[in-house]
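Computed from the coordinates by the stated procedures, all read-outs in this text should not be read as laboratory data. Note that the structure is a prediction, hence the values are computed from the model and not measured. No Cβ is skipped: glycine too gets one built from the backbone with ideal geometry, and neighbour counts run over all protein chains shown.
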Amino acid sequence: MSALLVGACALAGALLAPAEAAASRVLHERPPRGDELLAGFRPRDRRLLLCGLASAALFALTAATWGWSWALVPHLFLIAVLVVMAAVDFEHYLIPNRLVFPSLGVSAALLVLASALDGSPERLGPAALGAVAYYVGLFLTHLVNPAGMGFGDVKLALLLGLFLGWSAQGYVDSLYLVLLALLVGSALGSVVGVVLLVRRGRGAHYPFGPWLALGTVVVLVGAELLRSS
């Protein structure tokens, strides 16, 4: 791990915040006007500040975990996408197709390239399995409880599962990491749900996608640390 790399990635994450905040508006509503894009930070606009803090911290964590490797760029891209997704989901309770599917395509291409450059094409099979397994698992959950598991979360599972499977050491491990990420994300989301239940009463709504994403990040970091130890 290089302190210079971690610092540079943290700075890059912070500088990326205006683009992430703007993207979260574009993907849900109308494209912002030029003067809105150039307006900069407004005290009442917390989205920019929160995107900057989350992106800087998670970029630094990603750099500290993967270091100078071919895997760094795909995972930085994933973090940027998840920050935008969380900004939209927290405010509007949805995960836009215009974010998920293009990001899935770019991620797949980056992981294929990383596998080729790293000489590890065998990681692509578990990656595909992870994407399918996570999608199927959340799709079945959506069928049973559509109010508790939105279809945006189901589509997001394709992206999350792709990275979980790519980080696995084989097909069985791919399924294990998917299950572990689902459990961690569900636990985080459940804690938030209980807090909201106490504060707002029954019927309080809250997004689940950001907690699934955070659970995936936790598992990805843990898996990589175990791999490199």
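A few remarks follow.
- Considering every alpha-carbon pair of region 125-229, the percent of pairs per 10 Å bin, from zero through the bin containing the longest distance, is 17, 46, 26, 10, 1.
- Within the chain, the whole DSSP H helices whose Cα atoms reach 27 Å or more along their own axis and whose mean Kyte-Doolittle score is at least 1.6 are 72-92, 171-200.
- Relative contact order (%) - criterion: Cα under 8 Å, at least six apart; region: the chain: 18 percent
- Two-site FRET efficiency, Phe90 against Arg227, from Cβ-Cβ distance with R₀ of 45 Å, rounded to 0.05: 0.90
- Taking the fewest neighbouring Cβ atoms within 10 Å as the starting point, the ordered list for Ile95, Ile79 is Ile79, Ile95.
- Largest mean-square fluctuation among Leu159, Leu179, Leu140, in a Gaussian network model of the chain whose springs join Cα atoms under 10 Å apart, belongs to Leu140.
- For the chain, the 222 nm mean residue ellipticity estimated from helices alone, with every DSSP H stretch of n ≥ 4 adding -39500 (n - 2.57) and the total spread over all residues, rounds to -27000 deg cm²/dmol.
- Contour minus Cα-Cα distance for Asn145 and Leu5 (0.36 nm per residue): 46.1 nm
- All Cα pairs of region 3-228, percent lying beyond 28 Å: 29 percent
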